[in-house]
Amino acid sequence: MKSKPNKSIDNMNAEEYLNVIIGLSEEIFHDFKNALATISGLSQITAFYPVSKEVKDNLDLIKEAALECRDQIDRFYSFIKGYNVEITQYEILSNIVFSALDMVKHRIRKNDYGDEGIILSVNIHSMKKVYCNEYKMRQAILNIVMNAIDAMEESGGILEVNLFEQAEMIVLEIIDTGIGIPEDKLEKIFETNYTTKGSKGTGLGLRISKTVIEECIGRLEVSSVLGKGTIFTIYLPAEIS
């Protein structure tokens with residue numbers, strides 16, 4: 001009896017593809033942590049030998065960088081590990097927003113072109129809860145934030161994140177002053193496998209975001225002006241107190 005062939009990546013939906021990526025990430029994280037442990041350990045051992053102050057200082061920097069990378073891997077692994085945990089409950093949306101932003105703070109900095117980089121402006125005016133899976137909602141927000149950062153990677157700009165209440169809804173705006181999206185491509189960005197990033201993109205991030213938000217009885221809207229920037233707006237029903 002022939003074994004059933006594995007489902008090809010081309011035939012996977014966005015969530016199935018993400019689950020495959022998560023599985024591969026667990027193996028990669030394990031290997032990375034082993035490599036970082038070796039780098040950190042050897043740098044500490046070598047520092048005990050008679051070396052110049054400059055070499056010792058460089059070894060200390062290597063050790064600190066290795067430990068920082070390890071901490072970042074631990075944090076990200078803790079996040080993706082919970083993606084498949086189907087716990088849906090009322091969560092404070094502002095907490096999810098802050099945790100998503102915390103994961104990209106390393107990209108909010110001066111860029112390689114010497115420009116001022118990306119300025120982050122966060123305006124939180126709601127502490128209400130929404131009914132969601134915390135991990136999936138964080139991923140949905142993170143995907144949109146990453147797209148905003150990518151749009152400003154070369155020229156810099158302002159990333160504005162606004163959270164406020166509107167009637168019985170909580171509204172989250174993610175605004176960038178990046179390159180914008182052409183009008184003829186705006187309707188396609190939520191399609192699976194469609195990307196404006198060429199080989200750098202998977203065409204899955206925004207599709208996953210839209211699916212997660214709609215599962216929470218919310219909606220995701222986008223508007224953009226070429227050369228001026230893009231606004232993603234998330235509407236989610238708030239917990240009735």
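The values are calculated or read from the model by the stated rules, or taken from the named source; none is laboratory data. Note that this is a predicted model, so its numbers are computed, not measured. Using ideal geometry, Cβ is built from the backbone for each residue, glycine included, and neighbour counts are taken over all protein chains shown.
Below, the figures for the structure above:
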| quantity | calculated |
| --- | --- |
| GLY117 being at pLDDT 80 or above and out of contact with any Phe, Trp or Tyr (no Cβ under 7 Å at 6 or more places or on another chain) | yes |
| Close pairs (8 angstrom Cβ cut-off, 6 or more residues apart or separate chains): at positive phi in region 164-181, aliphatic (A, V, I, L, M) and buried (at least 20 other Cβ atoms within 10 Å of the Cβ) anywhere | GLY180/ALA151 |
| Failed item in (1) modelled with pLDDT under 85; (2) buried (at least 19 other Cβ atoms within 10 Å of the Cβ), with LYS136 passing the rest | (1) |
| ALA151 under 15 Å from ASP102 (Cα atoms) and crowded, with 18+ Cβ neighbours inside 10 Å | no |
| Unmet requirement for GLU165, which otherwise passes all of (1) modelled with pLDDT of 95 or more; (2) surrounded by 18 or more Cβ atoms within 10 Å (Cβ to Cβ) | (2) |
| Residue check, MET127 farther than 18 Å from ALA100 by Cβ and either of a type in the set (A, V, I, L, M) or modelled with pLDDT of 95 or more (or both) | no |
